Amino acid sequence: QGWFDTKWNSQIPEGTSRNSQSSFRIRRAEIKVSGNILGDSASFLVSFDPASTYKYDTKSYTVTDSKGASQTITTSTPPGNTAALKLFWVSLKSPYVDAAIGQFKYPISYEGQSSSAELLFPERAYSSRYFGDTYDMGLRLEKKLEWFKYQVFLLNGSGQNQLDKNLQKDLSVRVEVTPITGVTLGAAGLTSLGRRTEQATTKDT
């Protein structure tokens, strides 16, 4: 998906340089591979986007050993929402639940889990991007039946391709009902489990 962007800085007074710009951009170049393993008893999916990678950031962390001594460690890390790996999971299937481990999208918002190739507009709605366009690693239990679908996620809560830095996890649930063809009713929510008053990563959606 290629874009041509023009940004016009209208806040600067007339007669001065507006620092406006125009640019061609590769917004997405997503590649996805999926299939079944061992007949239909397991499946896998991997998706990555080379267009979203760029130079790594440098971050510092302070760690404390068992004797109370502190040490600062500096490491290179990819920006949380611009790493190449998007989706990855391996799923074991059964008649009532499919259990998967890997990296998923939060099931918040209708467009959040929809493929970018199926969007009506070039980008997801702002509300979908704010609440649901988020990747994270963890476990997923789900099943899609004839008229009913459920999903339960237990996620790190730290973001895309990022290790968890505390004991807190995010629990998310999504339920969809399709009473007639073409009509779907659904609800989704997310909450953080453990150390809710201590961690800045606590969420309730």
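The values are calculated or read from the model by the stated rules, or taken from the named source; none is laboratory data. On a predicted model such as this, the values are computed, not experimentally measured, just so you know. Cβ atoms come from the backbone with ideal geometry, glycine included; neighbour counts cover every protein chain shown. The protein model used for the area step is the full one, side chains on, heavy atoms only, and it has no ligands, DNA or RNA in it. Shrake-Rupley method; radii C 1.70, N 1.55, O 1.52, S 1.80 Å.
A few notes on this one:
- Size descriptor, Kirkwood hydrodynamic radius, that averages inverse alpha-carbon separations across the chain, Å: 20.0 Å
- Residue among THR62, GLN113, SER94 farthest towards the positive dipole end of the chain, charges placed on Cβ: THR62
- Reach of LYS93 by Cα under 23 Å, taken over lysines that are not fewer than 8 positions away in the same chain: LYS32, LYS105, LYS143, LYS144, LYS149
- Summarising the amide proton neighbourhood of VAL90: residues at separation of 5 or more, or on other chains, whose placed amide H is nearer than 5 Å comprise ILE101.
- Radius 9 Å from Cβ of SER115, net charge of other residues (Lys, Arg +1; Asp, Glu -1): -1
- Element breakdown for the stretch 77-153 at a 1.4 angstrom probe: carbon and sulfur atoms account for 66% of the accessible area.
- Springs join every pair of Cα atoms under 10 Å in this Gaussian network model of the chain, and among GLU30, GLU123, GLU146 the largest mean-square fluctuation is at GLU146.
- Environment charge at LYS86 (Cβ cut-off 9 Å; Lys +1, Arg +1, Asp -1, Glu -1): 0
- Annotation: for a label point projected 7 angstrom from Cα along Cα→Cβ of GLU118, no residues of the stretch 19-53 have a backbone N closer than 11 Å.
- Å² per residue, accessible surface of the chain at 1.4 Å: 66 Å²
- Each Lys and Arg Cβ is given +1 and each Asp and Glu Cβ -1; about its Cα centre, the chain then shows a dipole of about 260 debye.
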